[in-house]
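Notes follow the structure.
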Amino acid sequence: MKKYGAEFFGTFWLVLGGCGSAVLAAAFPQLGIGFVGVSLAFGLTVLTMAFAIGHISGCHLNPAVSIGLWAGGRFPGKDLVPYIVSQVLGGIAAAGVLYLIASGKAGFDLAGGFASNGFGEHSPGGYNMVSALVTEVVMTMMFLLVILGSTDKRAPQGLAPIAIGLCLTLIHLISIPVTNTSVNPARSTGVALFVGDWAVSQLWLFWLAPIAGAVLGALVYRLIGSEEN
């Protein structure tokens, strides 16, 4: 149960830190952190939690990552469901805390999106469903490549959290304008449940695309990262 608890609190921190920065600080008058600040916030949540709980649960914080690690032969199938449940519950709990904080400001309205992921009219840049699908698949694929490569026993030891955190930062710098960046079904689900309506109706893409991308990333790393000649 310790590793499931670690995944719950780790995902809680990722959603509270990442989505919290987007909801509370991204557009703050004159001092807003903008896309760069939000990107760093997501990367820092993973980096800090990787050092804090990596030795307990592996610090997946993401159903797509757990599935990708399983597809890459790095994670037992028997733990998939409890990991995913823990991650989704952590994301929902963080969204609840964020809602309590954000709703304390006069004029707060969930119609603003609450950091939900979307496409079409709900994409920050107005990108269509195909653009969103391709973005989420490719970004998650590259995320898994970095995760699998940096945690390979042949890679420099102890530096994986930095590589993974910076990779997630880069992913957000690229894709926030397209989908508000998911690459993580638990992160998407937590805030979408509070927004409801369009956020829930579009949630399928932010489960399907990251999982497909994670499996592709695992398959690519098995191809290029094998120790066989």
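Scanning the stretch 118-170 for residues that are closer than 24 Å to VAL191 by Cα, out of contact with any Ser or Thr (no Cβ under 8 Å at 6 or more places or on another chain), open to solvent by less than 30 Å² (accessible area, probe 1.4 Å) and polar (S, T, N, Q) yields a single hit, THR140. Selection within the stretch 201-229: residues that are of a type outside the set (D, E, K, R) and farther than 18 Å from ALA64 by Cα. The member of this set that is least open to solvent (accessible area, probe 1.4 Å) is GLY225.
Does PHE8 qualify as being aromatic (Phe, Trp, Tyr), part of a helix (DSSP H, G or I) and under 26 Å from VAL220 (Cβ atoms)? If you could, list the steps in order and put the result at the bottom.
Working: aromatic (Phe, Trp, Tyr): yes; part of a helix (DSSP H, G or I): yes; under 26 Å from VAL220 (Cβ atoms): no.
For PHE8, the condition - aromatic (Phe, Trp, Tyr), part of a helix (DSSP H, G or I) and under 26 Å from VAL220 (Cβ atoms) - is not met.
The sole residue among LEU14, LEU69, LEU61, LEU98 that is at positive phi and open to solvent by less than 20 Å² (accessible area, probe 1.4 Å) is LEU61.
Residue-wise test of (1) under 19 Å from THR169 (Cα atoms); (2) open to solvent by 10 Å² or more (accessible area, probe 1.4 Å).
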position: MET49; (1), (2): yes, yes
position: GLY73; (1), (2): no, yes
position: GLN87; (1), (2): no, no
position: ILE92; (1), (2): no, yes
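Scanning the stretch 146-198 for residues that are out of contact with any Lys or Arg (no Cβ under 8 Å at 6 or more places or on another chain) and among the hydroxyl-bearing types (Ser, Thr, Tyr) gives SER150, THR169, SER175, THR179, THR181, SER182, SER188, THR189. Looking only at residues in the stretch 17-42 that are in a helix (DSSP H, G or I), of a type outside the set (Val, Ile, Thr) and out of contact with any Ser or Thr (no Cβ under 8 Å at 6 or more places or on another chain), the one that is most open to solvent (accessible area, probe 1.4 Å) is PHE35. It is to be established whether one or more residues within the stretch 60-67 are outside any helix (DSSP H, G or I), under 14 Å from GLY190 (Cβ atoms) and in contact with a Pro (Cβ under 9 Å, 6 or more places away or on another chain). Yes.
Among residues of the stretch 85-109 that are without any contact (Cβ under 8 Å) to a residue 40 or more places away in the chain, those with a Cβ under 6 angstrom from a residue that is open to solvent by less than 70 Å² (accessible area, probe 1.4 Å) and of a type in the set (A, V, I, L, M), sequence gap 6+ or separate chain, pair up as PHE108/ALA102.
The values are calculated or read from the model by the stated rules, or taken from the named source; none is laboratory data. What you are looking at is a predicted structure, and each value in this text was computed from that prediction instead of being measured. Virtual Cβ from ideal backbone geometry, glycine too; neighbours counted across all protein chains shown. With ligands, DNA and RNA removed, areas are computed over all heavy atoms of the protein, side chains included. Shrake-Rupley method; radii C 1.70, N 1.55, O 1.52, S 1.80 Å.
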